[in-house]
Structure formats: C-alpha cells, structure tokens
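All remarks here apply to the structure that follows.
The values are calculated or read from the model by the stated rules, or taken from the named source; none is laboratory data. Computed from a prediction, not measured in an experiment: that's the story for all the values here. Here Cβ is always computed from backbone atoms with ideal geometry, including for glycine, and neighbour counts include all displayed protein chains.
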Amino acid sequence: MCICCTLKCSSFKNMNQNCFNNIGDIIADANYITEKALLPLSAIRTESDKTRYEKKGYLIGYTYDEWPEKYPQIPRDNVYYVCGLNVGTVYYDKKNVVYLDLRIYGREMLSLSGTENYEETMLRAIHKQEEHSRKGEYGHLFLAMPDGIRMDAMNHLLDLEGPTERFYGNFMAQYATSNFLCKNISKRVLNALGKSKSDKQKAATQERLELLYGDKPVITVYRGEADGSTDYQKAMSWTPDINVAYFFATRLGKNAKIRTGKLYRKDVLEYFPADGDEGAEEEIITMPGKVKNVRTEYLLDADSEDVLRLAVGFMERYTFWRDETARLHEDADNSLNAHDALHAVRVLFLSMVLGAHEKLRPEEMEALCAAAVYHDIGRTHDGDELDHGRAGAEYYHNEAMDVSPIAEAVIELHCAEKEAVEQELARRFSGRDLESAQKILRVLEDADALDRVRFGLFGMGSRDGLDVRRLQCDFARKLVPLAMQCLRGLSLGD
C-alpha cells in the first residue's frame, strides 16, 4: 500500500496542507487585520473608484461626497471600508484612538432592535468612546478593535498619552489578551516600553519571576515558530514552558520549529504566569535580540524527507497491522472514545516511524506492531484503569497466532510504574532480549504519548494533553506536527 492512501490524500507529501487549514486559520484571518486593510472613504470619489476597490474585496456603499447626504453627523474623514472576513464600514478616529464597527455593509445596515434612528445610535456610541478616551479609560477603546488593529492603535495611544506608566499598563493588558500582535509592533512603541515602565511595575515583575525561578540570573526560554511567524531575532515573546512553544509552532502554518535560548533575568521586560483557569500561557516579554545562544530544532511532518524515507520501508506491514487493528476492535467488547481503534492505528503508525528511526530489526518491529495494536485492547473504559495492560496481554496471548514474549510483556507493562517495569523486564529477559524489550517499550510509550495531542498540549488548557518533556526519545519530540496530522488523516481503511 502506498503512503498517500494511508493518510487519505492524493499525495502523502502534500497531505498536511489541508490539515493546517482549520478553524485556527480562519480566526487568524478574521483578527489579524491591520490599518493597512482600512480604505479611507476619502479614496472613493467616483463610481470608477467604487468598482475598482470592490474588485479588491471591499464592500463600497458610498463615495466621499455621498456619505454626508446619508449620515451628515458622522465625520466622513474618520470613515473607512474594511476588506476580508471583517468586510464592512468602520469609524476610526486615530487621534483619540476611537474605533467602532458601524455595522454598515455596502448601503445596508445591521439594524439594532429598539432603535428608531440608526445615525443617532452610532453617534451616541462614538461619543461614549470619546468620553472614555478623555478619561484615559483606554481599555474600553481597545475592546472594540480587532486584535490586529490594536498594535497600530498603540502608536496613536503613545501620541495621546506619551511613554507613561499608564501607557505601559495598557500595552501589557492588551498584549496579554490579544493574538497575532508581534508582527505589528512598531520600533517606536518598543522603544517607549522600556522608558514607560515605572519602578513599581519593574519590582512587581521581578517578584513574579522570583516565585518560580528564585534568584537564578539566567532563564532558559523557548519560542515556537512556523511559516508566517515573526522571526525570533525580531520577536519579543518567549516562554519558559516548552509545551507553550510547541503549541505555537504547530498552531498555524507549516515548517514548525522550536527555538531555545538563554535570557538574563534583568532583561525580562514583563512576565505573565500561566493561568489555568483563563487558559493563558506562561510568557516572557523581552526586547528583540536579548535572547542569546539560540539554537533551532526543526520539527517533522508529512512533507519531511526524513518521515517519507522511514515510512516507505514499512508501509506493507503497516497495512497488515492496521487491518488487524480494525478486526480486533470490532470484536472487542467495549465502547471507548479516547482509546478506540483509531487511537491504536495512530499509535501503530507513530511507533513504526520511531521504530524505523531506531533501526529496529524485523522481528523487533513485528513485536512493536503487535504491542501497539493490542496495548489498549484490555480497556473497558477511558478513565484510569491500571489493570488494562495485564488484561490486554492476556487477550493478546489467547488471540494472536504467533505470540511474542517481548510484545506480551510490553503490552502488560506499558502502563505500570517505571521502577516496577524495569525490575519485571530484568526478571523475564536478559542480554539481547532485555535490550529489545526495553527499546520496544520506550518506543511504544513515546508513540502512545504523542497521540495525546488529541487532548491538546499540556498546560495549554489541558491537563491530559501531550507533555513533550516526558518524551524519552529526542526524535519523538520532532514528530509532534506529524502526530497532529495523524489525528486528522489516518483511518481504518483505504
């Protein structure tokens, strides 16, 4: 069987393109509009202008001269058209940092229930925002903006407020609650941040750091990147949690990579601790270029030559064991969701990739496949079930045509305590067989752990998700994007 059939696509090499086109891409497109996407009403003077910009995706309702005839009280010099998923008409007073969706689409408006005069309703909303601006209540202003606009608006807030403690507080508040911002932070805003942070704010940051890192002068930090990410040399966002880095490396785009570097604690501009209740990740903000000794680990997906080269050698046996998985789980008397036949197939495939990388001998690879297929067959439910390894080993012993003692032991022990596992393997095997059993168990455990991506990544709103720190093989850490693709692409049939 060819690899392309395995992952249900016309080409194994290109299968991951669709895998990354998910809801996250749509959210990114919707939120990451900037001022460059705003077309001023003043640019629309003629019908020819309307036609030209409509072809570019804007929904043009009025020319510059027509606007006052319909909405005379809304200043036309602050009116803009937006293209993309947020298509429509907005009010944007840059001087006062007031942004408001006018809910006008072409010449149609989205009426609000209970309002008799649309223009007056919009004017009241504009005046309310202007009042917030005068009082320095900037949080209300930013809430009305798409995430991507907020960093452009920070330039205008800097004009309005100056490099003050209040400017710094507002910047960090918006940074912590917005996405897709790093690319759009101007050098001017970056330079102002260092000047605007008060001694009190600096002390509070260091206190938060001290709770976790004591008096360590240097912190190891990570950054996850993919196509479209801000290059690390220009980035200000890092994290001391490697799982967070993996989350962002695999969240959007391809060519995922993990950057690891060292940062002097004195160079930490701001520190956001993890907030499990809010789903906020642990993050460190520093000025670009402050992270030193950066090394890069490139992650692997279905386009990677390393994966293709390894997979070509085992596809025939994979097909056999995949079909065996479907048969076994069809006969098994359980109703599992998280540990069903598809989970076993994904663990099988990832085990074979890891096993091929470890250069397992043919008989070792067969034992590994059997262990992957049967490892959860003894489960009766998806919760903690410490005896399911023993039950699965018994099932394998009674069901398999050719029982491998090593596979049987691995099935039984894959969910046992590590110390007990080592003692039991040493009791059952010696010499080359012991080495094989240890290696096969390690590979299976990593493959099983990789499929925890179905629950997310540990610390990113999921306590059951993959914790890459617990993977035993360095190569396994490279396969997180592939594991995510398996989650979307593998099936029980052609």
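Pairs meeting the criteria (first residue in the range 233-261 and within 15 Å of THR296 (Cα to Cα), second residue of a type in the set (S, T, N, Q), beta carbons under 7 Å, at least 6 apart or on different chains) are TRP238/THR286; ALA245/THR239; ALA256/THR250; LYS257/THR296; ARG259/THR296; THR260/THR220; GLY261/ASN293.
When ALA203, ALA249, ALA280, ALA274 are checked against the criterion of being out of contact with any Cys (no Cβ under 8 Å at 6 or more places or on another chain), outside the structural domain of PHE475 (by TED's automatic domain parsing) and over 24 Å from ARG166 (Cα atoms), a single residue qualifies: ALA249. Within the range 425-445, the residues that satisfy the criterion of being charged (D, E, K, R) and farther than 18 Å from PRO362 by Cβ are ARG427, ARG428, ARG442, GLU445. Within the range 208-232, count every residue that is without any contact (Cβ under 8 Å) to a residue 24 or more places away in the chain and either in contact with an Asp or Glu (Cβ under 7 Å, 6 or more places away or on another chain) or not in a helix (DSSP H, G or I) (or both). Selection size over the range 208-232: 3.
Meeting the requirement of 3 or more residues that are surrounded by 21 or more Cβ atoms within 10 Å (Cβ to Cβ) and assigned by TED's automatic domain parsing to the domain that holds ALA372, the helices (runs of 4 or more DSSP H) wholly within the range 413-494 are 431-450, 480-489.
In the range 126-148, what residues are part of a helix (DSSP H, G or I) and modelled with pLDDT under 90? The answer is ASP147, GLY148.
For the range 180-236, the candidate set comprises residues that are charged (D, E, K, R) and within 17 Å of MET154 (Cα to Cα); within that set, the residue that is surrounded by the most Cβ atoms within 10 Å (Cβ to Cβ) is LYS197. For LYS50, are the conditions met, namely being in contact (Cβ under 8 Å) with a residue 12 or more places away in the chain and either in contact with a His (Cβ under 7 Å, 6 or more places away or on another chain) or outside the structural domain of ARG134 (by TED's automatic domain parsing) (or both)? No, not satisfied. You will find that of LEU300, LEU328, LEU263, the residue that is at pLDDT 95 or above, hydrophobic (A, V, I, L, M, F, W, C) and either part of a loop (DSSP other than H, G, I, E, B) or not assigned by TED's automatic domain parsing to the domain that holds GLN206 (or both) is LEU300 and no other.
For every residue, the table says whether it meets (1) in the same structural domain as ALA43 (by TED's automatic domain parsing); (2) closer than 27 Å to GLU283 by Cα; (3) part of a strand (DSSP E or B); (4) polar (S, T, N, Q).
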position: VAL82; (1), (2), (3), (4): yes, no, yes, no
position: TYR99; (1), (2), (3), (4): yes, no, yes, no
position: MET122; (1), (2), (3), (4): yes, no, no, no
position: ARG150; (1), (2), (3), (4): yes, yes, no, no
position: LEU160; (1), (2), (3), (4): yes, no, no, no
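Against the numbered list (1) modelled with pLDDT of 80 or more; (2) surrounded by fewer than 19 Cβ atoms within 10 Å (Cβ to Cβ), TYR62 comes up short only at (2). Per the conditions (1) touching a Pro at 6+ places or on another chain (Cβ under 6 Å); (2) assigned to a loop (DSSP other than H, G, I, E, B); (3) not aliphatic (A, V, I, L, M), the sole criterion not satisfied by LYS195 is (2). Is the range 68-80 home to any residue that is surrounded by fewer than 21 Cβ atoms within 10 Å (Cβ to Cβ), of a type in the set (S, T, N, Q), closer than 22 Å to ARG45 by Cβ and in contact (Cβ under 8 Å) with a residue 40 or more places away in the chain? Yes - at least one qualifying residue is present in the range 68-80. Scanning the range 81-105 for residues that are touching a Ser or Thr at 6+ places or on another chain (Cβ under 7 Å), modelled with pLDDT of 95 or more and under 15 Å from TRP67 (Cβ atoms) gives a single hit, TYR81.
State whether the residues of the range 42-53 include one that is of a type in the set (A, V, I, L, M), farther than 23 Å from TYR138 by Cβ and more than 31 Å from the chain's Cα centre (by Cα). Within the range 42-53 (the criterion being of a type in the set (A, V, I, L, M), farther than 23 Å from TYR138 by Cβ and more than 31 Å from the chain's Cα centre (by Cα)), the answer is yes, since at least one residue qualifies.
In this structure, does TYR168 turn out to be buried (at least 19 other Cβ atoms within 10 Å of the Cβ), in contact (Cβ under 8 Å) with a residue 40 or more places away in the chain, hydroxyl-bearing (Ser, Thr, Tyr) and assigned by TED's automatic domain parsing to the domain that holds ILE60? Criteria not met by TYR168.
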